[in-house]
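Have a look at this one before I ask anything.
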Amino acid sequence: MNQSFTQMLMNYAPLLVLFIVGWFFGARHERQHLARLAIAEAELSHIIVSSERFYQPIVVQDSQGELVLGSVVIAQDYFKMVIARVLSIFGKNLTTYETLLERARREALVRLRTQAHIKGYNHIYGLRFEVSNINQLGSMVEAIAYGTAVMSSETATYQSQTTCL
């Protein structure tokens with residue numbers, strides 16, 4: 001009995017070690033990504049984003065709206081997907097998918113705001129999100145955020161008032 005347990009431990013120990021190392025580095029990468037997202041969101045917070053479809057902001061004279069787009073494909077690490085599949089058997093809340101979708105949406109929104117910032121806009125309205133699976137396992141998702149970017153005078157007035165205070 002003792003010999004069979006030792007043999008089983010020797011057979012499955014490398015798999016267990018790889019699983020733990022993969023889990024550690026995947027969680028570390030996810031934390032780093034969320035920290036980078038928080039910094040980028042703070043830097044781009046001056047760009048107002050609204051999901052109102054028919055909103056008519058007061059635009060700066062002689063400016064036009066332009067479609068801006070932020071797109072990202074994010075993959076979840078394989079080890080978290082194994083745990084998610086096990087939890088789905090029991091009907092549990094799949095937090096690994098939730099964090100994957102949250103990261104994808106936030107990254108797409110940061111890229112959308114970055115594109116608007118580069119083009120000199122300070123307001124995005126009509127924001128829409130689309131999220132779709134890339135593979136059948138659900139471990140990779142594509143998130144697209146798009147909207148109409150404008151140079152709004154009401155935002156510029158608001159920013160100049162807040163900087164004077």
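Where does the chain land at 222 nm, in deg cm²/dmol rounded to the nearest 500, when only DSSP H runs of n ≥ 4 count, each adding -39500 (n - 2.57), divided by all residues?
Rounded to the nearest 500, it is -19000 deg cm²/dmol.
So what is the relative contact order for the range 4-101, in percent, with contacts set as C-alpha pairs under 8 Å and at least six apart?
Working: 20 pairs, mean separation 29.1, N = 98.
Relative contact order for the range 4-101 comes out at 30 percent.
Could you run the Karplus curve 6.51 cos²θ - 1.76 cosθ + 1.60 with θ = phi - 60° over the range 82-96 and give me ³J(HN,Hα) per residue in whole Hz, x for Gly and Pro?
5, 5, 4, 5, 5, 5, 5, 5, 8, x, 7, 5, 8, 5, 5
Sorted by average packing, counted as other Cβ atoms within 10 angstrom per residue and highest first, what order do 61-71, 117-127 take?
117-127, 61-71
Calculated FRET efficiency, SER51 and SER88, Cβ-Cβ r, R0 30 Å, to nearest 0.05? Walk me through the numbers on the way to the answer.
Values: r = 31 Å, r/R0 = 1.02.
In this case the efficiency is close to 0.45.
Counting only protein heavy atoms and using a 1.4 Å probe, what share of the accessible area of the range 1-90 belongs to carbon plus sulfur, as a whole percent?
Its accessible area is 66 percent carbon and sulfur atoms.
Using the eigenvalues of the Cα gyration tensor, what equivalent ellipsoid semi-axes result for the range 24-165 when each is taken as the square root of five times the eigenvalue, whole Å, largest first?
36, 16, 12
Right, something else. Where only protein heavy atoms count, and the probe is 1.4 Å, what is the accessible area per residue for the chain in Å²?
On the way: 10820 Å² over 165 residues.
Heavy-atom accessible area per residue stands at 66 Å².
Compare the peptides 140-149, 89-98 by average per-residue count of other Cβ atoms within 10 angstrom and give them in order, highest first.
Working: 140-149: 21.4, 89-98: 12.0.
Final packing ranking: 140-149, 89-98.
The values are calculated or read from the model by the stated rules, or taken from the named source; none is laboratory data. Small disclaimer: the values here were computed from a predicted structure and weren't measured. Cβ sites come from the backbone with ideal geometry, for glycine too, and all protein chains shown count toward neighbours. We work out accessible area using only protein heavy atoms, side chains counted, and drop any ligands, DNA or RNA first. Shrake-Rupley method; radii C 1.70, N 1.55, O 1.52, S 1.80 Å.
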